[in-house]
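Engineer: I am attaching a structure below and will ask some questions about it afterwards.
Please treat every number below as a calculation from the coordinates, not as lab data. Since the model is a prediction, treat every value here as computed from it, not as a measurement. Here the Cβ positions follow ideal geometry from the backbone for every residue, glycine too, while neighbour counts run over all protein chains shown.
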């Protein structure tokens with residue numbers, strides 16, 4: 001499994017230090033009736049007679065019947081680019097807790113190119129600070145909730161793609177968000 005994380009409109013979009021990063025990851029499916037709590041994970045390759053350390057990471061909380069990932073290494077053979085633009089902004093402002101916001105619709109796209117010489121399956125997951133409108137045919141909204149401390153919804157989205165060697169695919173999505 002290869003996993004991609006990217007930054008969206010509301011998160012430090014001009015920070016060059018935060019590049020799009022692709023990771024080789026292990027998918028953890030919690031099929032038990034108990035939660036997997038947060039904690040350190042040490043991954044060992046035990047395929048040979050010797051047990052060799054592969055990676056160390058932090059396992060995030062995984063509720064029962066849900067999934068999570070453990071990052072192993074960065075993958076530099078998957079090329080990605082991400083773009084988000086405001087396609088619509090309300091003429092009037094909305095007030096929340098003494099602050100004034102515009103309501104904006106954001107359209108995003110992620111282009112993925114497989115530079116490996118083999119087929120890959122890639123899972124693209126992201127947290128979006130806004131209410132998702134559309135994730136395309138190969139995407140799913142994992143959850144959307146409205147926190148009590150923000151005018152914006154919290155959304156988690158996921159896409160799963162298969163790419164052949166040299167193949168490039170693009171996913172598109174849209175959401176609305178209150179901005180200043």
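Engineer: What residue among 73, 87, 47 has the largest mean-square fluctuation in a Gaussian network model of the chain, using Cα springs under 10 Å?
Structural biologist: Highest fluctuation among the options: 47.
Engineer: So, by mean Cβ neighbours within 10 angstrom, what's the order for 107-114, 167-174 with the highest one leading?
Structural biologist: Details: 107-114: 18.6, 167-174: 15.9.
Most protected by this proxy first, the peptides run 107-114, 167-174.
Engineer: Same structure, new question: Report Rg(Cα)/(2.2 N^0.38 Å) for the range 81-179, keeping two decimals. Can you show the working numbers first?
Structural biologist: On the way: Rg = 16.2 Å, N = 99, 2.2 N^0.38 = 12.6 Å.
The reported ratio for this selection is 1.28.
Engineer: For the range 48-93 and the range 138-155, what is the separation of their Cα centres, given in Å?
Structural biologist: 18
Engineer: Please compute the modelled spin-label separation between residue 93 and residue 158, points set 7 Å along Cα→Cβ, answer in nm with one decimal.
Structural biologist: Each label point lies 7 Å from its Cα, and together they span 4.0 nm.
Engineer: Still on this structure: Can you tell me the length gained on complete extension of the stretch residue 32 to residue 67, counting 0.36 nm per residue apart and subtracting the Cα distance? Let's see the in-between values first.
Structural biologist: Numbers: separation 35, 0.36 × 35 = 12.60 nm, distance 1.10 nm.
That works out to 11.5 nm of additional length.
Engineer: Jot down the per residue volume, in cubic angstrom and as a whole number, of the convex hull over the alpha-carbon atoms of the range 24-105. Walk me through the numbers before you get to the answer.
Structural biologist: Details: hull volume 16.4 nm³, N = 82.
Spread over its residues, the Cα hull of the range 24-105 gives 200 Å³ apiece.
Engineer: Please work out the ratio of the alpha-carbon Rg of the chain to 2.2 N^0.38 Å and round it to two decimals.
Structural biologist: Details: Rg = 18.6 Å, N = 180, 2.2 N^0.38 = 15.8 Å.
Taking N as the residue count of the chain, the ratio is 1.18.
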